[in-house]
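Worksheet for the structure shown next.
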Amino acid sequence: MGTALSACGGGKGEPTLKRAYGETFYVGAAVSPETLVSDGELILREFGGLTPENIMKPGPIHPVESRYDFREADRLLDFAEENGLLVHGHTLVWHNQTGAWMFRDGAERASSALLDRRLEEHISSVAGRYRGRIAYWDVVNEALSDGPGFYREDSPWYEIMGPEYIEKAFRYAHTADPEARLYYNDYNAVDPVKREKIYTLASELLEKGVPLHGIGIQGHWSLEWPPLADVEAAIDRYASLGLEVQITELDISVYEFREREALYDGPSRELMERQARRYGDLYALFARKGDALAGVTTWGVADDHTWLDNFPVKNRKNWPLLFDGEGEPKPAYYAALEGAKEIP
Ligand code: 9MR
């Protein structure tokens, strides 16, 4: 993309996302090794923090038991430090993107004791390697159920260790990097039913003295869903526990989840204006909630690289972010900037 700085704003006194919000919460973006290069200038102009989209997940960073692959993560940390960006590590424990070896012992399933040892070894190696250099860690990702149950029971972590893997993960992470702020991160985190599960989990962990510092509300949302009132209520509810809150994975799909057709052949002006109103409303809310919010991160930088091109429908183009495929600011970007007027 390589957009010239002068060609798209951010000059001397001009507003940028990080200038507008940097005193209120950090403005982050999820990056891949490729977008870190292709969108480098844009990232430095607009963002104050980075989340690795995939490279620090257990699968990529710890592909087999005896070997870690830290190359990409090291590069990201170096880039962040050279440029004064903070890093939000993602993620130490997840049921997804984890090597199958983690849960096996030869031909058998790993025992609870073996998996516990691996959990500690994985966390102490990854969080320990970057000790003091990671501002926030998503320690456990998506451990709760979207259905009637409480925990995500089909996670191999839960199946083998029961719910204790969650508190153990936080304790191991705190030992490995005592300075890092430790988060529980989930989607549907503003849905009132799941919100209460997350609230209950967090209160129980806190009661036990588990080092939990924040809740990550992922924010994979759409033009119509969720209602703003639910977003506000969730931020308030988590903050009432004395926890930090972050919006960790924001994107606004042009499709509702139930829509499976490719309804749009391009990002029409009308569609992008609708999306801009939505982003504007959200950032205005984030501005008002600045005291409770530690950060707001978009799940990507620009519309040329988004997981939503393949979810929930493969090969259906989406335009969910604040910058277009050329790295130019979209109407959504200007609406997000406008929201900063609501900072008290
Ligand atoms: O954006 C990530 C995509 O590239 C991966 O293929 C996918 C694998 O499940 O994970 C995506 O990121 C997810 C994040 O790690 C956790 N919350 C949901 C995100 C979107 O699926």
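Just so it is clear, none of the values below were taken in a lab; they were calculated from the coordinates. Small disclaimer: the values here were computed from a predicted structure and weren't measured. Note: ideal-geometry Cβ built from the backbone for every residue, glycine included; neighbour counts use all protein chains shown.
For the stretch 79-96, the Karplus equation 6.51 cos²θ - 1.76 cosθ + 1.60, evaluated at θ = phi - 60°, returns couplings of 4, 4, 5, 4, 10, x, 9, 8, 10, 10, x, 8, 9, 7, 9, 8, 7, 10 Hz by residue, with Gly and Pro reported as x.
Between residue 181 and 136, 137, the built amide H atoms are under 5 Å apart, and every one of these is 5 or more places off in sequence or on another chain.
Springs join every pair of Cα atoms under 10 Å in this Gaussian network model of the chain, and among 299, 319, 307 the largest mean-square fluctuation is at 307. Figure the gain on full extension for residue 114 and residue 307 (residue separation times 0.36 nm, minus the Cα-Cα span) and round it to one decimal in nm. Result for the pair: 66.1 nm of gain on full extension.
Annotation: lysines with alpha-carbon distance below 27 angstrom to residue 341 (same-chain offsets under eight excluded): 12, 18, 289, 330. Charged side chains reduced to their Cβ positions (Lys and Arg at +1, Asp and Glu at -1) give the stretch 105-201 a dipole of some 400 debye around its Cα centre. Basic side chains Lys and Arg get +1 at the Cβ, acidic Asp and Glu get -1 at the Cβ, and with that the dipole of the chain about its Cα centre reaches some 320 debye. As a rough guide to protection, the peptides 245-257, 63-75 ranked by mean Cβ packing within 10 Å, highest first, stand as 245-257, 63-75.
Once you have the Cα-Cα distance between residue 277 and residue 260, take 0.36 nm times their residue separation minus that, and quote the gain in nm to one decimal.
Once the chain is fully extended between residue 277 and residue 260, it gains 3.8 nm.
Look at the alpha carbon pairs under 8 Å that are at least 6 residues apart: their mean separation over the length of the stretch 212-344 gives a relative contact order of 29 percent. What the phi angles of the stretch 121-133 give under the Karplus curve with 6.51, -1.76 and 1.60, with θ = phi - 60°, is a coupling list of 5, 4, 5, 5, 6, 7, 5, x, 4, 9, 3, x, 10 Hz, glycine and proline written as x.
Remark: the stretch 237-344 carries a charge dipole of roughly 360 debye about the Cα centre, counting +1 on each Lys and Arg Cβ and -1 on each Asp and Glu Cβ. Close amide H pairs (under 5 Å, H built 1.01 Å from N) link residue 51 with 29, 30, 31, 88, residues at least 5 positions away or on another chain.
Computed from label points 7 Å out along Cα-Cβ, the spacing between residue 83 and residue 164 is 4.4 nm.
A dipole drawn for the stretch 272-344 from +1 and -1 charges on Cβ atoms has a positive end, and of 284, 312, 272 the residue lying farthest that way is 312.
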